[in-house]
Amino acid sequence: MKRAESRPVRAGTTTIGGGSPIVVQSMCATRTQDVEATAAQASMLHSAGAGLVRIAVDSAKDVAALAEVRARVPEANLVVDLQENYRLAAQVAPHVAKIRYNPGHLYHHEKGRPVRDKVASIAETATRHDCALRIGVNCGSVDPEMAARFDGADPRDLAGVTAMVESALEHCRYLDDLGFERYVVSMKDSDPRKVIEGNRRFAAARPDVPLHLGVTEAGMLPDGVIKTRIAFEQLLSQGIGDTLRVSLTLPFAEKWREVDAGRQIIADVEAGRFRSVPEFLDHGLNIISCPSCSRVENEAFVDLAFKVREMAQFARDFDITIAVMGCRVNGPGETDDADLGLWCGPAAVNLKRGGETVGAFPYDAVLDRLKDELDTLIARKGQPAAR
Ligand code: SF4
């Protein structure tokens with residue numbers, strides 16, 4: 001397989017880029033503070049072949065749990081996913097091989113402090129603790145300033161791609177100016193077309209920077225793997241991509257399937273076995289669901305995602321997108337572009353119609369309300385989309 005000439009970035013015992021084998025990674029979905037369950041899942045993912053195992057950390061209690069997990073599973077290369085609280089970097093760095101930060105979340109805390117300074121503090125921490133970094137941009141949560149600056153720059157089906165790529169390039173410049181080279185970049189979306197376009201543009205501009213590929217909230221099996229495969233086949237076959245994750249909504253005990261799916265896609269592309277692009281991406285029901293992580297507010301989320309898919313089957317011929325998200329961190333923003341969205345809270349599920357909130361409903365009542373909304377939407381659309 002032709003590989004782009006990215007530089008090698010070491011993260012623990014694994015190397016990303018520089019011609020190294022593509023690293024498959026995954027993420028724990030357990031509550032980080034449940035040390036027993038998180039250590040077991042980290043170990044399971046490592047044994048399945050995950051070169052990096054990501055864990056979400058949002059609080060000091062999560063940091064304490066992370067240290068425990070580190071001690072129990074020393075063989076795994078742990079990565080921490082920082083969301084809004086970038087200042088936790090200093091506490092997590094001693095326990096991990098790599099830290100991911102999201103440029104779109106850096107503006108939440110210390111609003112008066114320049115982003116460049118925040119990046120400098122993360123980079124300084126990473127250097128001190130021998131960590132690599134990932135600039136992890138999500139199309140659904142791009143820095144609002146970037147989103148405003150590049151609003152309208154893309155055709156409708158690629159909306160947001162320019163802002164996503166420009167945000168990644170801006171953060172590369174920040175790190176380059178600091179002399180920090182141990183970083184990789186990811187640009188993700190739930191639409192494989194945006195993932196392909198964004199990564200192609202970035203790779204052309206910065207072939208030296210290793211790329212982490214992923215389609216966010218790809219959903220459940222088998223559709224989640226199909227969506228991901230579409231993006232990965234296009235990119236890996238052009239030598240773009242040094243590490244990857246297949247994000248699937250799975251019961252906790254089956255998280256290893258993410259690693260398995262990633263390895264299978266790489267093996268197929270290397271052997272020249274390509275699948276055709278399925279029609280459903282342009283037509284019919286599209287269910288987006290997050291792969292869940294420690295931030296899931298109620299474990300009923302996974303079950304709910306499966307029930308939504310089952311209930312919505314009657315609408316499979318209609319061009320409708322339903323998003324099901326596990327928490328308030330990404331749920332509100334990432335459901336905005338769906339026709340109907342659900343994001344889970346501890347005791348209730350928030351139902352949305354596009355960007356508008358319909359209300360919060362108990363877990364055992366939300367499915368009926370979603371069905372009502374779906375019926376109304378279908379009645380408005382009339383006939384299924386022509387094929
Ligand atoms: S939406 Fe929330 S629970 Fe789901 S993967 Fe993203 S951060 Fe985790």
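Coordinate-derived values only; no laboratory data. Please read these numbers as outputs of a predicted model, since none were measured by experiment. Cβ sites come from the backbone with ideal geometry, for glycine too, and all protein chains shown count toward neighbours.
Miscellaneous remarks
- For the stretch 19-109, the set of GluC sites (Glu not before Pro) satisfying both a DSSP loop assignment and a count of at most 16 other C-beta atoms within 10 Å is given as Glu75, Glu84.
- Whole-Hz couplings from phi, Karplus 6.51/-1.76/1.60, listed for the stretch 91-105; x for Gly and Pro: 7, 7, 3, x, 9, 10, 8, 7, 10, 9, 10, 10, x, x, 10
- Taking only Cα atoms of the stretch 283-381, radius of gyration then Dmax in Å: 12.2, 38
- Relative contact order (percent, whole number), the stretch 48-201, Cα cutoff 8 Å, 6+ residue spacing: 19 percent
- Helical content alone sets the calculated 222 nm signal of the chain at -11500 deg cm²/dmol, taking -39,500 (n - 2.57) per DSSP H segment of four or more residues and averaging over every residue.
- Counting 0.36 nm for each residue step from Ala267 to Arg149 and taking away their Cα separation leaves a gain of 38.5 nm.
- If the chain linking Ser121 and Glu36 were pulled fully straight, counting 0.36 nm for each residue of separation and taking away their Cα-Cα distance, it would gain 27.4 nm.
- Shape class for the stretch 1-143: oblate, because the ratio a/c of the largest to smallest gyration tensor axis (alpha-carbon atoms, square roots of eigenvalues) is 1.5 or more and b/c is at least a/b.
- Along the axis of the charge dipole computed for the chain (Cβ charges of +1 for Lys and Arg, -1 for Asp and Glu, origin at the Cα centre), the listed residues Thr357, Ala147, Phe232 are led at the positive end by Phe232.
- Distant-in-sequence amide H partners of Asp143 (H built 1.01 Å from N, under 5 Å): Gly104
- Across the chain, Cα pairs under 8 Å and at least six residues apart give a relative contact order of 14 percent.
- Integer Hz, Karplus 6.51/-1.76/1.60 couplings in order for the stretch 6-23, x for Gly and Pro: 7, 7, x, 10, 7, 9, x, 8, 10, 10, 9, x, x, x, 5, x, 5, 8
- Relative contact order for the stretch 1-101, counting Cα pairs under 8 Å that sit 6 or more residues apart, in percent: 24 percent
- Sites matching trypsin sites (Lys or Arg not before Pro) across the stretch 100-131 that sit in DSSP coil, with at most 11 neighbouring C-beta atoms within 10 Å: Lys111
- Selected from Ile122, Cys327, Val302, residue furthest toward positive end of dipole (the chain; charges at beta carbon): Ile122
- P(r) weight above 29 Å for the chain, C-alpha pairs, percent: 39 percent
- Applying a DSSP loop filter and a limit of 15 other Cβ atoms within 10 Å to the trypsin sites (Lys or Arg not before Pro) in the stretch 1-92 leaves Lys2.
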